[in-house]
Amino acid sequence: MPYNTTLFDTYIEQNRDRFLKEFGEFIGQISVAADKRGIPEMADMVVERFQQLGATVTLYPTPGSPIVYAEIGPQDAERTLMIYNHYDVQPEDPVELWETPPYEMTIKDGVIYGRGTSDDKGELLSRIQAVEAWLKTQGELPVRIKWVVEGEEEIGSDHLEDWVRRYSEMLTADGLLWEGGGYDEAGRIQMGLGCKGIAYFELRCQGPSHDLHSSVAPIVPNPAWRLVWALSTLKDPDDNITLDGYMEHVASLSEEEWASIDAIPMEFETIRERWGLSAWLNGMTDHAARRRYFSAPTITICGIQTGYTGAGSKTVLPAEAMVKLDFRLVHNLTPELAETLLRQHLDRRGFTDISITPLGGDGPAKSPRGSLVERAAIAASHDTWGKEPMMYPWFPGSGPMYPLSTLLGIPVIFAGATWHPDIRAHSPNENIFLKDYFESMRFTASFLSHFAAEV
(Lines give C-alpha, C1' and ligand atoms only; values in the text may rest on other atoms or scores of the structure.)
Protein backbone atom coordinates (compact mmCIF):
# COMPACT_ATOMS: atom_id res chain seq x y z
CA MET A 1 0.00 0.00 0.00
CA PRO A 2 1.33 3.48 -0.82
CA TYR A 3 1.98 5.91 1.99
CA ASN A 4 2.56 9.66 2.20
CA THR A 5 6.34 9.94 2.15
CA THR A 6 6.28 13.73 2.44
CA LEU A 7 4.40 13.66 5.74
CA PHE A 8 6.60 10.82 6.99
CA ASP A 9 9.86 12.60 6.10
CA THR A 10 8.64 15.87 7.57
CA TYR A 11 7.83 14.18 10.87
CA ILE A 12 11.29 12.66 11.01
CA GLU A 13 12.93 16.04 10.42
CA GLN A 14 10.72 17.73 13.00
CA ASN A 15 11.67 15.11 15.59
CA ARG A 16 15.29 14.69 14.54
CA ASP A 17 16.80 16.09 17.74
CA ARG A 18 14.49 14.08 19.99
CA PHE A 19 15.20 10.88 18.08
CA LEU A 20 18.94 11.42 18.43
CA LYS A 21 18.56 12.22 22.13
CA GLU A 22 16.77 8.90 22.58
CA PHE A 23 19.53 7.14 20.68
CA GLY A 24 22.08 8.72 23.01
CA GLU A 25 20.16 7.39 25.99
CA PHE A 26 20.14 3.88 24.52
CA ILE A 27 23.89 4.03 23.89
CA GLY A 28 24.47 5.47 27.35
CA GLN A 29 22.81 2.50 29.02
CA ILE A 30 25.42 -0.23 29.37
CA SER A 31 23.97 -3.63 28.42
CA VAL A 32 26.78 -6.18 28.22
CA ALA A 33 25.37 -9.70 28.25
CA ALA A 34 28.80 -11.27 28.82
CA ASP A 35 28.93 -9.96 32.40
CA LYS A 36 25.24 -8.93 32.74
CA ARG A 37 26.05 -5.26 33.32
CA GLY A 38 22.99 -3.08 32.81
CA ILE A 39 20.88 -5.81 31.22
CA PRO A 40 17.71 -5.37 33.37
CA GLU A 41 17.86 -1.59 33.00
CA MET A 42 18.23 -1.81 29.20
CA ALA A 43 15.36 -4.28 28.92
CA ASP A 44 13.17 -1.87 30.90
CA MET A 45 14.12 0.97 28.53
CA VAL A 46 13.06 -1.10 25.53
CA VAL A 47 9.77 -2.04 27.22
CA GLU A 48 9.05 1.61 28.00
CA ARG A 49 9.79 2.69 24.42
CA PHE A 50 7.40 0.09 23.02
CA GLN A 51 4.74 1.17 25.50
CA GLN A 52 5.11 4.74 24.23
CA LEU A 53 4.12 3.41 20.80
CA GLY A 54 0.98 1.85 22.25
CA ALA A 55 2.27 -1.69 21.78
CA THR A 56 1.28 -4.61 23.97
CA VAL A 57 4.54 -5.54 25.68
CA THR A 58 5.59 -8.54 27.75
CA LEU A 59 8.93 -8.98 29.47
CA TYR A 60 9.69 -12.70 29.54
CA PRO A 61 12.25 -13.76 32.17
CA THR A 62 14.80 -16.42 31.23
CA PRO A 63 17.67 -17.96 33.21
CA GLY A 64 19.76 -15.24 31.51
CA SER A 65 18.64 -11.95 30.01
CA PRO A 66 14.91 -11.22 29.68
CA ILE A 67 13.25 -11.26 26.26
CA VAL A 68 11.13 -8.25 25.30
CA TYR A 69 8.13 -9.19 23.18
CA ALA A 70 5.86 -6.54 21.68
CA GLU A 71 2.85 -6.65 19.39
CA ILE A 72 1.36 -3.68 17.56
CA GLY A 73 -0.92 -3.16 14.61
CA PRO A 74 -4.41 -4.37 13.68
CA GLN A 75 -5.37 -7.74 15.14
CA ASP A 76 -7.18 -8.55 11.89
CA ALA A 77 -4.40 -7.42 9.55
CA GLU A 78 -4.06 -9.58 6.47
CA ARG A 79 -0.34 -10.07 7.12
CA THR A 80 1.88 -10.38 10.16
CA LEU A 81 5.53 -9.34 10.22
CA MET A 82 7.99 -10.53 12.83
CA ILE A 83 10.96 -8.26 13.56
CA TYR A 84 14.06 -9.41 15.43
CA ASN A 85 16.54 -7.15 17.21
CA HIS A 86 18.72 -7.38 20.31
CA TYR A 87 19.46 -4.88 23.07
CA ASP A 88 22.70 -6.39 24.41
CA VAL A 89 26.14 -5.27 23.22
CA GLN A 90 29.71 -6.51 23.19
CA PRO A 91 32.10 -5.57 26.04
CA GLU A 92 33.92 -2.31 25.45
CA ASP A 93 37.39 -3.83 25.93
CA PRO A 94 40.02 -2.74 25.11
CA VAL A 95 38.88 0.64 26.43
CA GLU A 96 42.21 2.33 25.74
CA LEU A 97 41.69 1.96 21.98
CA TRP A 98 38.46 3.95 21.97
CA GLU A 99 38.82 7.49 20.63
CA THR A 100 35.52 8.50 22.24
CA PRO A 101 33.78 7.29 25.45
CA PRO A 102 32.21 3.93 24.53
CA TYR A 103 28.95 4.56 26.38
CA GLU A 104 28.48 8.17 25.37
CA MET A 105 27.05 9.03 21.96
CA THR A 106 29.52 11.21 20.09
CA ILE A 107 28.70 12.72 16.71
CA LYS A 108 31.71 13.90 14.71
CA ASP A 109 31.97 14.64 10.99
CA GLY A 110 28.67 12.97 10.25
CA VAL A 111 29.51 9.77 12.18
CA ILE A 112 27.82 8.53 15.37
CA TYR A 113 30.22 6.72 17.72
CA GLY A 114 29.37 4.52 20.69
CA ARG A 115 28.98 0.89 21.74
CA GLY A 116 25.83 -0.52 20.19
CA THR A 117 25.46 2.09 17.45
CA SER A 118 25.61 -0.57 14.75
CA ASP A 119 25.08 -3.76 16.73
CA ASP A 120 22.21 -3.45 17.34
CA LYS A 121 20.71 -0.42 19.09
CA GLY A 122 20.80 1.77 15.98
CA GLU A 123 18.62 -0.52 13.89
CA LEU A 124 16.40 -1.36 16.89
CA LEU A 125 15.57 2.19 17.89
CA SER A 126 15.39 3.64 14.37
CA ARG A 127 12.81 0.97 13.50
CA ILE A 128 10.78 1.83 16.61
CA GLN A 129 10.97 5.50 15.70
CA ALA A 130 9.90 4.66 12.14
CA VAL A 131 6.77 2.95 13.50
CA GLU A 132 6.08 6.03 15.61
CA ALA A 133 6.42 8.25 12.55
CA TRP A 134 4.07 5.98 10.59
CA LEU A 135 1.41 6.06 13.32
CA LYS A 136 1.63 9.84 13.61
CA THR A 137 1.50 10.56 9.87
CA GLN A 138 -0.27 7.64 8.20
CA GLY A 139 -2.57 6.30 10.90
CA GLU A 140 -3.01 2.60 11.54
CA LEU A 141 -0.18 0.24 10.63
CA PRO A 142 -0.79 -1.78 7.45
CA VAL A 143 0.38 -5.02 9.11
CA ARG A 144 0.48 -6.68 12.50
CA ILE A 145 4.00 -6.57 13.95
CA LYS A 146 5.40 -9.11 16.39
CA TRP A 147 8.71 -7.81 17.74
CA VAL A 148 11.24 -10.06 19.46
CA VAL A 149 14.08 -8.20 21.20
CA GLU A 150 16.49 -10.38 23.15
CA GLY A 151 19.42 -9.61 25.43
CA GLU A 152 21.83 -12.49 24.81
CA GLU A 153 22.66 -12.32 21.11
CA GLU A 154 26.27 -11.41 21.79
CA ILE A 155 26.78 -14.52 23.94
CA GLY A 156 25.06 -17.06 21.72
CA SER A 157 21.35 -16.50 22.49
CA ASP A 158 21.46 -19.31 25.05
CA HIS A 159 17.80 -19.18 26.01
CA LEU A 160 16.07 -17.96 22.88
CA GLU A 161 15.44 -21.36 21.30
CA ASP A 162 13.78 -22.73 24.44
CA TRP A 163 11.58 -19.62 24.56
CA VAL A 164 10.67 -19.97 20.89
CA ARG A 165 9.71 -23.62 21.33
CA ARG A 166 7.59 -22.75 24.37
CA TYR A 167 5.71 -19.92 22.66
CA SER A 168 5.73 -21.16 19.07
CA GLU A 169 1.95 -20.81 18.70
CA MET A 170 2.21 -17.12 19.56
CA LEU A 171 5.06 -16.56 17.11
CA THR A 172 3.33 -17.23 13.79
CA ALA A 173 4.14 -14.72 11.04
CA ASP A 174 4.32 -14.33 7.26
CA GLY A 175 7.89 -13.09 7.25
CA LEU A 176 10.82 -12.15 9.47
CA LEU A 177 12.84 -8.93 9.19
CA TRP A 178 16.24 -9.57 10.76
CA GLU A 179 18.30 -7.26 12.93
CA GLY A 180 19.82 -5.01 10.26
CA GLY A 181 21.70 -4.57 7.02
CA GLY A 182 23.64 -2.05 4.98
CA TYR A 183 26.00 -1.67 2.07
CA ASP A 184 29.51 -2.50 0.85
CA GLU A 185 32.58 -0.45 -0.10
CA ALA A 186 31.03 0.54 -3.43
CA GLY A 187 27.71 1.54 -1.88
CA ARG A 188 25.90 -1.59 -3.07
CA ILE A 189 22.97 -2.53 -0.83
CA GLN A 190 23.52 -5.90 0.86
CA MET A 191 20.72 -8.23 1.89
CA GLY A 192 20.73 -11.89 2.84
CA LEU A 193 18.47 -14.90 3.17
CA GLY A 194 20.23 -16.65 6.03
CA CYS A 195 23.44 -16.93 8.00
CA LYS A 196 26.04 -19.38 9.23
CA GLY A 197 25.53 -20.96 12.61
CA ILE A 198 27.91 -20.64 15.54
CA ALA A 199 29.15 -22.65 18.49
CA TYR A 200 31.31 -21.04 21.17
CA PHE A 201 33.45 -23.00 23.62
CA GLU A 202 35.83 -22.38 26.48
CA LEU A 203 38.58 -24.98 26.91
CA ARG A 204 40.58 -25.22 30.13
CA CYS A 205 43.56 -27.28 31.19
CA GLN A 206 44.52 -27.46 34.86
CA GLY A 207 48.09 -28.11 36.00
CA PRO A 208 49.57 -27.70 39.47
CA SER A 209 47.50 -26.15 42.25
CA HIS A 210 49.26 -22.80 41.80
CA ASP A 211 51.87 -21.14 39.58
CA LEU A 212 55.32 -22.69 40.12
CA HIS A 213 58.89 -21.60 39.56
CA SER A 214 59.70 -22.48 35.95
CA SER A 215 62.75 -24.47 37.02
CA VAL A 216 60.38 -27.38 37.77
CA ALA A 217 59.39 -27.64 34.10
CA PRO A 218 61.31 -30.91 33.53
CA ILE A 219 59.07 -32.74 36.01
CA VAL A 220 55.71 -30.88 36.15
CA PRO A 221 53.07 -30.92 33.39
CA ASN A 222 52.59 -27.49 31.85
CA PRO A 223 48.89 -26.78 31.07
CA ALA A 224 49.86 -24.08 28.59
CA TRP A 225 51.81 -26.56 26.48
CA ARG A 226 49.03 -29.12 26.85
CA LEU A 227 46.51 -26.65 25.48
CA VAL A 228 48.80 -25.54 22.64
CA TRP A 229 49.42 -29.14 21.62
CA ALA A 230 45.68 -29.86 21.68
CA LEU A 231 44.87 -26.79 19.59
CA SER A 232 47.50 -27.73 17.04
CA THR A 233 45.51 -30.88 16.23
CA LEU A 234 42.45 -28.89 15.10
CA LYS A 235 44.10 -27.30 12.03
CA ASP A 236 47.10 -28.02 9.84
CA PRO A 237 49.70 -25.37 8.84
CA ASP A 238 47.68 -24.60 5.67
CA ASP A 239 44.63 -23.71 7.80
CA ASN A 240 42.69 -26.82 6.85
CA ILE A 241 40.40 -28.03 9.63
CA THR A 242 41.53 -31.43 10.93
CA LEU A 243 38.93 -31.99 13.65
CA ASP A 244 37.89 -35.63 13.26
CA GLY A 245 34.61 -35.95 11.37
CA TYR A 246 33.90 -32.22 11.15
CA MET A 247 34.37 -31.68 7.42
CA GLU A 248 32.66 -34.96 6.57
CA HIS A 249 29.37 -33.50 7.80
CA VAL A 250 29.57 -30.37 5.63
CA ALA A 251 26.81 -30.32 3.00
CA SER A 252 27.85 -29.92 -0.63
CA LEU A 253 26.59 -26.77 -2.32
CA SER A 254 24.45 -26.91 -5.43
CA GLU A 255 25.52 -25.32 -8.69
CA GLU A 256 22.90 -22.64 -8.08
CA GLU A 257 24.36 -21.86 -4.65
CA TRP A 258 27.91 -21.64 -6.03
CA ALA A 259 26.65 -19.36 -8.79
CA SER A 260 24.92 -17.08 -6.28
CA ILE A 261 28.17 -16.82 -4.29
CA ASP A 262 30.28 -16.18 -7.39
CA ALA A 263 27.89 -13.38 -8.40
CA ILE A 264 28.50 -11.40 -5.21
CA PRO A 265 30.69 -8.40 -6.06
CA MET A 266 33.40 -7.59 -3.53
CA GLU A 267 35.95 -4.78 -3.40
CA PHE A 268 38.84 -7.10 -2.60
CA GLU A 269 41.70 -4.58 -2.71
CA THR A 270 39.79 -2.07 -0.62
CA ILE A 271 38.94 -4.70 1.97
CA ARG A 272 42.55 -5.90 2.22
CA GLU A 273 43.77 -2.33 2.57
CA ARG A 274 41.25 -1.55 5.32
CA TRP A 275 42.24 -4.70 7.22
CA GLY A 276 45.96 -4.05 6.77
CA LEU A 277 46.57 -7.15 4.63
CA SER A 278 48.83 -7.57 1.61
CA ALA A 279 47.24 -10.89 0.58
CA TRP A 280 44.58 -13.40 1.56
CA LEU A 281 45.37 -16.44 3.67
CA ASN A 282 47.81 -18.76 1.87
CA GLY A 283 47.88 -16.32 -1.06
CA MET A 284 44.53 -17.53 -2.36
CA THR A 285 42.92 -15.71 -5.28
CA ASP A 286 40.03 -13.30 -4.84
CA HIS A 287 37.70 -15.83 -6.45
CA ALA A 288 38.78 -18.54 -4.01
CA ALA A 289 38.59 -16.14 -1.07
CA ARG A 290 34.97 -15.21 -1.84
CA ARG A 291 33.98 -18.87 -2.14
CA ARG A 292 35.73 -19.82 1.09
CA TYR A 293 34.34 -16.80 2.99
CA PHE A 294 30.75 -17.76 2.26
CA SER A 295 30.95 -21.55 2.16
CA ALA A 296 33.59 -22.72 4.63
CA PRO A 297 33.07 -23.68 8.27
CA THR A 298 35.61 -22.29 10.72
CA ILE A 299 37.40 -22.98 13.97
CA THR A 300 38.80 -19.73 15.35
CA ILE A 301 40.95 -19.05 18.39
CA CYS A 302 39.33 -15.92 19.82
CA GLY A 303 41.64 -15.56 22.81
CA ILE A 304 44.13 -17.41 25.00
CA GLN A 305 44.96 -16.75 28.65
CA THR A 306 47.68 -18.38 30.72
CA GLY A 307 50.69 -17.61 32.87
CA TYR A 308 52.37 -14.21 32.98
CA THR A 309 51.80 -11.68 30.19
CA GLY A 310 52.73 -8.43 31.91
CA ALA A 311 55.73 -6.17 31.36
CA GLY A 312 59.20 -7.61 31.65
CA SER A 313 59.81 -11.21 32.65
CA LYS A 314 58.45 -13.54 35.27
CA THR A 315 59.63 -17.14 35.23
CA VAL A 316 56.58 -19.21 36.07
CA LEU A 317 55.04 -22.50 35.10
CA PRO A 318 51.32 -21.60 34.96
CA ALA A 319 48.70 -23.44 36.96
CA GLU A 320 46.04 -23.16 34.28
CA ALA A 321 45.53 -22.37 30.61
CA MET A 322 42.31 -21.29 28.90
CA VAL A 323 41.28 -20.69 25.31
CA LYS A 324 38.03 -19.44 23.77
CA LEU A 325 37.04 -20.90 20.40
CA ASP A 326 34.25 -20.14 18.01
CA PHE A 327 33.04 -22.49 15.29
CA ARG A 328 31.15 -20.96 12.34
CA LEU A 329 28.75 -23.65 11.19
CA VAL A 330 27.54 -24.31 7.68
CA HIS A 331 24.63 -26.53 6.74
CA ASN A 332 24.55 -29.97 8.40
CA LEU A 333 26.73 -28.76 11.28
CA THR A 334 25.15 -27.99 14.65
CA PRO A 335 26.50 -26.72 17.99
CA GLU A 336 25.74 -30.10 19.57
CA LEU A 337 27.61 -31.98 16.86
CA ALA A 338 30.59 -29.63 17.11
CA GLU A 339 30.85 -30.21 20.86
CA THR A 340 30.58 -33.99 20.50
CA LEU A 341 33.22 -34.14 17.76
CA LEU A 342 35.57 -31.88 19.71
CA ARG A 343 35.29 -33.97 22.88
CA GLN A 344 35.88 -37.21 21.00
CA HIS A 345 38.79 -35.72 19.04
CA LEU A 346 40.60 -34.55 22.18
CA ASP A 347 39.97 -37.77 24.08
CA ARG A 348 41.40 -39.89 21.24
CA ARG A 349 44.66 -37.95 21.53
CA GLY A 350 44.94 -38.20 25.29
CA PHE A 351 43.67 -34.73 26.13
CA THR A 352 41.04 -35.95 28.57
CA ASP A 353 42.36 -33.38 31.06
CA ILE A 354 41.07 -30.51 28.91
CA SER A 355 37.54 -29.46 29.85
CA ILE A 356 35.03 -28.07 27.34
CA THR A 357 32.39 -25.57 28.40
CA PRO A 358 29.83 -24.58 25.75
CA LEU A 359 29.05 -20.86 25.81
CA GLY A 360 26.14 -20.70 23.40
CA GLY A 361 25.40 -21.40 19.80
CA ASP A 362 22.87 -21.54 16.98
CA GLY A 363 22.43 -23.67 13.91
CA PRO A 364 22.77 -22.25 10.38
CA ALA A 365 19.71 -20.91 8.57
CA LYS A 366 18.64 -20.12 5.03
CA SER A 367 15.40 -19.18 3.30
CA PRO A 368 14.23 -19.93 -0.25
CA ARG A 369 14.35 -17.26 -2.93
CA GLY A 370 11.24 -15.28 -3.85
CA SER A 371 9.57 -14.98 -0.44
CA LEU A 372 7.30 -12.09 0.52
CA VAL A 373 9.90 -10.53 2.83
CA GLU A 374 12.52 -10.69 0.08
CA ARG A 375 10.24 -9.02 -2.45
CA ALA A 376 9.25 -6.32 0.05
CA ALA A 377 12.89 -5.61 0.94
CA ILE A 378 13.92 -5.35 -2.72
CA ALA A 379 11.07 -2.94 -3.44
CA ALA A 380 11.96 -0.87 -0.35
CA SER A 381 15.59 -0.69 -1.52
CA HIS A 382 14.43 0.80 -4.82
CA ASP A 383 12.23 3.29 -2.96
CA THR A 384 14.89 4.33 -0.45
CA TRP A 385 18.08 4.30 -2.51
CA GLY A 386 17.02 3.66 -6.10
CA LYS A 387 19.17 0.51 -6.12
CA GLU A 388 18.73 -3.20 -6.73
CA PRO A 389 20.24 -4.92 -3.68
CA MET A 390 22.81 -7.69 -3.74
CA MET A 391 21.07 -10.76 -2.37
CA TYR A 392 23.39 -13.05 -0.42
CA PRO A 393 22.27 -16.68 -0.09
CA TRP A 394 23.41 -16.30 3.52
CA PHE A 395 25.71 -14.03 5.49
CA PRO A 396 29.09 -15.36 6.66
CA GLY A 397 28.31 -14.09 10.15
CA SER A 398 25.96 -15.69 12.65
CA GLY A 399 22.91 -14.99 14.75
CA PRO A 400 19.93 -16.77 16.30
CA MET A 401 18.09 -17.00 12.99
CA TYR A 402 17.65 -20.76 13.24
CA PRO A 403 14.99 -20.81 16.00
CA LEU A 404 12.95 -17.89 14.69
CA SER A 405 13.15 -18.73 10.98
CA THR A 406 14.04 -22.38 10.39
CA LEU A 407 12.25 -23.87 13.42
CA LEU A 408 9.12 -21.76 12.93
CA GLY A 409 9.17 -22.04 9.14
CA ILE A 410 9.16 -18.26 8.62
CA PRO A 411 11.06 -16.82 5.59
CA VAL A 412 13.71 -14.32 6.70
CA ILE A 413 15.56 -11.35 5.22
CA PHE A 414 18.67 -9.53 6.47
CA ALA A 415 17.91 -5.93 5.50
CA GLY A 416 18.55 -2.47 6.89
CA ALA A 417 20.45 0.76 6.40
CA THR A 418 23.20 1.33 8.97
CA TRP A 419 25.84 -1.36 8.40
CA HIS A 420 28.64 0.22 6.38
CA PRO A 421 32.02 -1.45 5.72
CA ASP A 422 33.82 0.14 8.68
CA ILE A 423 31.22 0.02 11.46
CA ARG A 424 33.77 -1.57 13.82
CA ALA A 425 31.16 -3.89 15.32
CA HIS A 426 32.66 -5.83 18.27
CA SER A 427 35.66 -3.46 18.18
CA PRO A 428 36.60 -0.11 19.68
CA ASN A 429 35.15 2.95 17.92
CA GLU A 430 31.94 1.24 16.80
CA ASN A 431 29.98 3.63 14.62
CA ILE A 432 27.34 4.34 12.01
CA PHE A 433 26.79 7.30 9.71
CA LEU A 434 24.31 9.91 10.90
CA LYS A 435 22.51 9.92 7.56
CA ASP A 436 22.07 6.14 7.68
CA TYR A 437 20.29 6.30 11.02
CA PHE A 438 17.49 8.27 9.41
CA GLU A 439 17.64 6.26 6.19
CA SER A 440 16.82 3.25 8.35
CA MET A 441 13.51 4.87 9.28
CA ARG A 442 12.64 5.56 5.63
CA PHE A 443 13.59 2.03 4.62
CA THR A 444 11.48 0.56 7.44
CA ALA A 445 8.41 2.56 6.39
CA SER A 446 8.80 1.53 2.76
CA PHE A 447 9.31 -2.09 3.80
CA LEU A 448 6.09 -2.08 5.84
CA SER A 449 4.21 -0.58 2.91
CA HIS A 450 5.45 -3.20 0.44
CA PHE A 451 5.10 -6.10 2.87
CA ALA A 452 1.42 -5.22 3.17
CA ALA A 453 0.89 -4.81 -0.59
CA GLU A 454 3.15 -7.31 -2.37
CA VAL A 455 1.34 -10.09 -4.22
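The values are calculated or read from the model by the stated rules, or taken from the named source; none is laboratory data. Values in this document were obtained by computation on a predicted structure and should not be read as measured data. We place every Cβ from the backbone using ideal geometry, glycine too, and count neighbours over all the protein chains shown.
Within region 182-190, is even one residue farther than 30 Å from Lys314 by Cβ, in contact with a His (Cβ under 8 Å, 6 or more places away or on another chain), outside any loop (DSSP other than H, G, I, E, B) and assigned by TED's automatic domain parsing to the domain that holds Pro400?
The answer is yes; a qualifying residue exists.
If we keep just the residues of region 16-56 that are surrounded by fewer than 20 Cβ atoms within 10 Å (Cβ to Cβ) and assigned to a strand (DSSP E or B), which is nearest to the chain's Cα centre (by Cα)?
Arg37
Report yes if some residue within region 366-389 is outside any strand (DSSP E or B) and within 30 Å of Asp238 (Cα to Cα); otherwise report no. Full working, then the answer.
As a first pass, look at region 366-389 and keep what is outside any strand (DSSP E or B): 367-389.
Next, from what is left, pick out any that are within 30 Å of Asp238 (Cα to Cα): none.
Within region 366-389, not a single residue is outside any strand (DSSP E or B) and within 30 Å of Asp238 (Cα to Cα).
Considering each residue of region 297-307, count those that are closer than 16 Å to Phe327 by Cβ and not in a loop (DSSP other than H, G, I, E, B), and give that number.
4
Every residue in region 308-329 that is outside any strand (DSSP E or B) and touching a strand residue (DSSP E or B) at 6+ places or on another chain (Cβ under 6 Å), please.
If the condition is that a residue be outside any strand (DSSP E or B) and touching a strand residue (DSSP E or B) at 6+ places or on another chain (Cβ under 6 Å), then Tyr308, Pro318 are the ones that fit.
Pro396 is checked against (1) part of a strand (DSSP E or B); (2) crowded, with 19+ Cβ neighbours inside 10 Å; (3) of a type outside the set (Lys, Arg) and fails just one. What number does that condition carry?
So the condition that Pro396 fails would be (2).
Go through Asp436, Asp383 for me and flag whichever is acidic (Asp, Glu) and either without any contact (Cβ under 8 Å) to a residue 24 or more places away in the chain or surrounded by 19 or more Cβ atoms within 10 Å (Cβ to Cβ) (or both).
Of Asp436, Asp383, the one residue that is acidic (Asp, Glu) and either without any contact (Cβ under 8 Å) to a residue 24 or more places away in the chain or surrounded by 19 or more Cβ atoms within 10 Å (Cβ to Cβ) (or both) is Asp436.
Mind telling me which of the residues Ala365, Ala377 ends up being in contact with a Ser or Thr (Cβ under 6 Å, 6 or more places away or on another chain) and either surrounded by 16 or more Cβ atoms within 10 Å (Cβ to Cβ) or closer than 23 Å to Lys121 by Cα (or both)? Give the steps one after another, and end with the answer.
Numbers: Ala377 fails: in contact with a Ser or Thr (Cβ under 6 Å, 6 or more places away or on another chain).
Going through Ala365, Ala377 in turn, just one is in contact with a Ser or Thr (Cβ under 6 Å, 6 or more places away or on another chain) and either surrounded by 16 or more Cβ atoms within 10 Å (Cβ to Cβ) or closer than 23 Å to Lys121 by Cα (or both): Ala365.
Select from region 247-293 the residues that are of a type in the set (Ser, Thr, Tyr) and in a helix (DSSP H, G or I) and list them in ascending order.
Ser260, Thr270, Tyr293
Asp158 fails exactly one of the following numbered conditions: (1) assigned to a loop (DSSP other than H, G, I, E, B); (2) at pLDDT 95 or above; (3) among the acidic types (Asp, Glu). What is the number of that condition?
(2)
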